[in-house]
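Enquirer: Here's a structure for you.
The values are calculated or read from the model by the stated rules, or taken from the named source; none is laboratory data. Nothing here was measured: the structure is a model prediction, and the numbers come from that model. When we count neighbours, we look across all protein chains shown, and the Cβ atoms used for this are built from the backbone with ideal geometry, even at glycine. Surface accessibility is based on the protein's heavy atoms, side chains included, excluding ligands, DNA and RNA. Shrake-Rupley method; radii C 1.70, N 1.55, O 1.52, S 1.80 Å.
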Amino acid sequence: MNIPKAYEPNKKEKKVYKLWEKTGYFNPEELPDRHDEPFSILMPPPNANDPLHIGHAVFITLQDIMIRYNRMNGKKALWLPGADHAGFETQVVFERKLKEKGKSRLDMDRDEFYKQVWDYTQKNRDLVRDQIKKLGASCDWSRDTFTLDEKVVNTTYKTFKKMADEGLIYRKKRLVNYCTNHQTAFSDLEVDHEERKTNLYYIKYGPFILATTRPETKFGDTAIAVHPDDRRYRKYVGKQIKIRTLLGEKKIKVIADEAVDQEFGTGAVKVTPAHSEVDFEIWQRHKGEMPEPIEVIDKDGKMTDAAGPYSGMDAKKARKKVAEDMDEMGILQRVDDEYEHSMSVCYKCGQEIEPLLMEQWFIDIKPLAEPAIEAVKNGDVTIHPDNYRKVYLHWMENIKDWNISRQNWWGIEIPAWKCMDCSTDENEEWIITEGEEPDECPECGGDNLEQDTDVFDTWFSSGQWPFATLINEDEPELEKYFPTSVMETGFDILFFWVARMIMLSLYRTEQIPFKDVYLHGLVRDENKDKMSKSKGNVINPIEVAEEYGTDALRMSLVVGNMPGKDMTISENEIKGYRNYVNKIWNMFRFLMMRCQDYDPKNDPKLSKKDKELLEEFKEKAKEITDDLDNFQFSHAGEKLYHYSWHRFADEIIEESKDVLEDEKKKAARQEVLISIFAGILKLAHPFIPLVTEEIYQKMPLEDKKETIMIEEWPV
RNA sequence: GGGCGGUUAGCUCAGUGGCAGAGCAUCUCGCUUACAUCGAGGGGGUCGUAGGUUCGAAUCCUUCACCGCCCACCA
C-alpha cells in the first residue's frame, strides 16, 4: 500500500461523501437491525437567500456530531434538513438586488414578484445544499423540506384556523411597530432599542409646559395627563382647558394617570394615543374621558390631513417646521438639544419605528405561554446551558400578544377573507379557513369576498416546523421521531424560534417539540469582533474547508466552543487542526508500515503492559462519551485531541517501536495498536468524519462494516 | 430601570473547596526511515478589586471596578 506522507483532503472528501450517500444510511429507515430507538434533530433551516456563513458551519458540525454519535450507539438517527423561505429577510435581500439593477418590486405585480423570488430561493437552495454536503453533514436528504412546502403551509393554515375557532386570534386596530421604509409592521422582538440624542421641546399648553421629543405629533393630542398624586396639577384634573395651537384655539381634557412620572420634565405630558405606546395605553384606561385617537402620520411617514397645513409633509421635516412655527408663535418655551433617550428602531435599516394604529392579526399569547413555561419548569424541556432557562422564563412570563401579520409579498398569505357586503367601518366580518377560498359569507350569503393582503410573520410558520415536518398523514412513519431529541441553535433566536416552537407544539400536539435545547454562541474573529462583510473579517467556511479540509474546520469550530458562549476563530487555529488531521493520517501510515504482517484473525497472548494500554484507552473513551452525553462537545474534542496525539502517538507509538522489533512481542503489540487506533477512529468519527472514514476503509479489521458510520461506539 | 454573563499565561479559553491547566504564540535543541503539517525540552500567571467563611479559596459569601449581552412604555 502506497500511502502519501500528507493527507490531502481535497482528493478524498467528495468520494467519501458519495460513499455515504450510496449506503443510504443517512435515512434512518435504512439502518441495520441493531438500530431501533429513535434519535432526531431538526436542522434549523438556513435562509434560502444567501450562501452559508461560519455560523451555519457551527451548527452543522455540532448537530452532525450528535447524529453520528447516536447513530453509532445504535439509534435510528434522523437529521432532517431544510431551507427557510425567510419571508421578510428574503424580500429585503431580493429587493436590494432589484435596486442594484435599477428596478423595484413596484415595477411588477405581486404574482410576478413572488415567482421571481421563488426562483431565486430555489437556486440558492441548491447551492446551500451542496455547501452543507461539503461540510460533511450526514442528514437525510430524502426528507429535505422547504418552509413553503405544501405540508408546512397547510399546517400553518390549520393552526391559524384552530386558534381563530378557539378565540385565540383577534384582529384589532392597535398600535403596531411600523417601519415606513420597509412598509411593514413588526413584532416587538424585531424592534431594536438604541440610545440616541434628540431634541426635547418644551411647549406651552395653556397653564402647562409640556416636554416632548415629537412636536409634530401634537395635532394628535387628545388629552393632557398628570400623575394623580401631583399636587401642582390637582386642580386641573377632569377639567377642559383652552390651549393655543398652530391650528387655532382648542379645548383639551386633563386626566390623571399613574404612568406619568412627576419627576420628568414638568410632570405633565401630552397624550397622543395614535403615535405612542404609553399614550395608547393611557387612552385604553380613560376611554370614557377622551376622544378617539387622531392619526396624524400615515404609512408613508407623511403627515395626514389632521395636520392641517402640514398635510403631506414628511414627518421628520414636519418636526422641525412645527417647532419653528411654534417658536414664532411664542408657544415654544425652550429646547434641550442634549437629550439622550432610548428609541425604537427597525432592526434591519435602523430607521425610527413609527408606532401606527393599524388593523392587524394578533395572537392572545398567554394561554399558549402558560404550558410552555410549565414544560421548562418541570423539566420536560431542558435548556443548556442552564442560565438560559432563567432568560427564557423571564421572557415568557412577561410575554405580550403577538402581531403575526406582515405587509409583505413574500410569505404565506393569511387565509382570511373579508365580506365586503356585511362589513362596516365599526365591525368587519372576516371568514377564516384552512386555506381554501370560501364560496360565500356565512353571515349574509354574499360572495363579495376579499382576501387579506398580509402574510404571516415567518416565525409563526417556522414555529410549527417540528410538527409540520414530522406529523402528517402522508408520512405516518415519521411520527416516531416526534418529539425530537435535541434542538440545537443559536441563543439569539431563543425567543424568536425556540419559545414559539414550544408554545405552538404544545398547542397543536399537546407534546413538547424537543427534550433538550442546546444553545451555541456567536462566532467572532480573533479580535473578538463580530464578523461582517463590511468589516471584511468574515471567514467563509467553504473556502476554508477547501483549503484546509472540512475536518480541520469542524474541529476548530468545536474545540473552544462552550455552550451558550461566543467563540473566536482564526485561520491560524484552523491550520492547527489541519495539522492534527494530518497527524491522524500519519498514525495510520505508521501502523500500515509496521503491521504489514498483521492478521486480524490471529489471537496473540497480550502482555500485562498491552492490557494496561487497552484499559487506559477504555477509560479515556468513557470520559469522552460522558462529555458527549452532557453536551460538552468542546471538552470531548479536546480530550480526543490530547489523547490521540500526545498520549497515543507521542508516547504509546514511540514506546512500541522497540517492541515491534521483538519477534516474540510483536504480534500482540500490533493487535493492541491497531485496536486502540481503530477505537480512536470511531471516537473521532463524529468530529472529523471524512478522514476517519477514508482511513477506516483501508484498515485491516475483523467484521469491518460498509462504513464507519454504523460501527459500534467503543464504550 | 431590571436581568444575565465575563474578568485565570502574550492570545483564545478550561478548571467551581485540596500542590495553578490546555491549545496557539515564544525560546532552545533535533531534517532519528509515520508525520518538519514533526519530535524533545524550557520560560511565562500575587486567578480584576477589597473584605469575609474555612485547616485549606481561582473555586463559597459580600463589596466595588471594568467589559459584553438581553429585556424594558421615562414623554
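Enquirer: How high is the FRET efficiency between residue A:366 and residue A:149 when r is their beta carbon distance and R₀ equals 25 Å, given to the nearest 0.05? Don't jump to the answer; show the numbers that get you there.
Expert: Working: r = 31 Å, r/R0 = 1.24.
With R0 = 25 Å, the Cβ-Cβ based efficiency is 0.20.
Enquirer: While we're looking at this one, here's another question. Of the peptides A:398-405, A:682-689, A:472-479, how do they stack up when ordered by the mean number of other Cβ atoms within 10 Å, highest first?
Expert: Values: A:398-405: 18.1, A:682-689: 25.6, A:472-479: 10.9.
Per-residue mean Cβ counts within 10 Å order the peptides as A:682-689, A:398-405, A:472-479.
Enquirer: Efficiency by 1/(1 + (r/R0)^6): what FRET value for residue A:397 and residue A:611, r their Cβ-Cβ distance, R0 = 56 Å, to the nearest 0.05?
Expert: Using R0 = 56 Å, I get an efficiency of 0.45.
Enquirer: Over segment A:635-715, average the accessible area per residue using a 1.4 Å probe and give it in Å², no decimals. Please report the intermediate quantities before stating the final value.
Expert: On the way: 3050 Å² over 81 residues.
I get 38 Å² per residue for this part.
Enquirer: Using helices alone, I'd like the mean residue ellipticity at 222 nm for chain A: each DSSP H run of four-plus residues gives -39500 (n - 2.57), total over residue count, nearest 500.
Expert: Numbers: 20 runs with 266 residues, N = 715.
One gets -12000 deg cm²/dmol as the mean residue ellipticity at 222 nm.
Enquirer: Here's another thing I want to ask about it. Helix A:633-642 versus the longest principal axis of chain A: what is the Cα-based angle in degrees, 0 to 90, to the nearest 10?
Expert: Roughly 30 degrees, rounded to the nearest 10.
Enquirer: Enter the accessible area of residue A:182 (Å², nearest 10), with the probe set to 1.4 Å and all protein chains included.
Expert: Around 40 Å² of this residue is reachable by solvent.
Enquirer: Give, rounded to the nearest 20 debye, the magnitude of the charge dipole that chain A has about its Cα centre when Lys and Arg contribute +1 at Cβ and Asp and Glu contribute -1 at Cβ.
Expert: Working: 103 positive and 134 negative charges, 437 e Å.
With Lys and Arg at +1 and Asp and Glu at -1, about 2100 debye.
Enquirer: When only Cα pairs under 8 Å and 6 or more residues apart are kept, what is the percent relative contact order across segment A:121-242?
Expert: Once divided by the residue count of segment A:121-242, the mean separation gives 9 percent.
Enquirer: For segment A:557-654, which trypsin sites (Lys or Arg not before Pro) are in a loop by DSSP, counting at most 11 other Cβ atoms within 10 Å? Please report the intermediate quantities before stating the final value.
Expert: Numbers: sites: A:565, A:575, A:578, A:583, A:589, A:594, A:601, A:605, A:608, A:609, A:611, A:618, A:620, A:622, A:639, A:647; in loops: A:565, A:601, A:605.
The qualifying sites are A:601, A:605.
Enquirer: Next question. With a cut-off of at most 13 other beta carbons within 10 Å, and DSSP calling the residue loop, which GluC sites (Glu not before Pro) in segment A:93-181 qualify? Please list them. Show your work: numbers first, answer last.
Expert: On the way: sites: A:95, A:100, A:112, A:150, A:166; in loops: A:166.
Answer by residue number: A:166.
Enquirer: A follow-up question, please. Might you work out the accessible area of residue A:607 for me, using a 1.4 Å probe with all protein chains in place, and round it to the nearest 10 Å²?
Expert: 50
Enquirer: My understanding is that a pair violates if its Cα-Cα distance is over 26 Å; which of A:76/A:682; A:173/A:320; A:15/A:583; A:76/A:161; A:197/A:366 do that in this structure? Kindly include the intermediate steps, with their values, before the conclusion.
Expert: On the way: A:76/A:682 18 Å; A:173/A:320 29 Å; A:15/A:583 21 Å; A:76/A:161 35 Å; A:197/A:366 36 Å.
Beyond 26 Å: A:173/A:320; A:76/A:161; A:197/A:366.
Enquirer: What number comes out for accessible area per residue over segment A:209-337 if the probe is 1.4 Å? Units Å², please. Spell out each step's value before the answer.
Expert: Values: 6470 Å² over 129 residues.
Accessible surface, normalised per residue, equals 50 Å².
Enquirer: Extent of chain A along each principal axis, from alpha carbon coordinates, in Å, largest to smallest?
Expert: 111, 60, 53
Enquirer: Could you pull out every residue, at least 5 positions away or on a different chain, whose amide H is within less than 5 Å of the one on residue A:184? Hs are placed 1.01 Å off N in the peptide plane, and Pro or chain starts have none.
Expert: Here A:179 satisfy the definition.
Enquirer: Sticking with this structure for a sec: Charges at C-beta only: +1 for Lys and Arg, -1 for Asp and Glu. How large is the resulting dipole of segment A:176-259 about its Cα centre, in Debye rounded to 20?
Expert: Numbers: 15 positive and 12 negative charges, 193 e Å.
Charge dipole of segment A:176-259: 920 debye, to the nearest 20.
Enquirer: Got a number for carbon plus sulfur as a percent of chain A's accessible area, 1.4 Å probe? Don't jump to the answer; show the numbers that get you there.
Expert: On the way: 14220 of 31830 Å².
Carbon-and-sulfur percentage of accessible area, whole number: 45.
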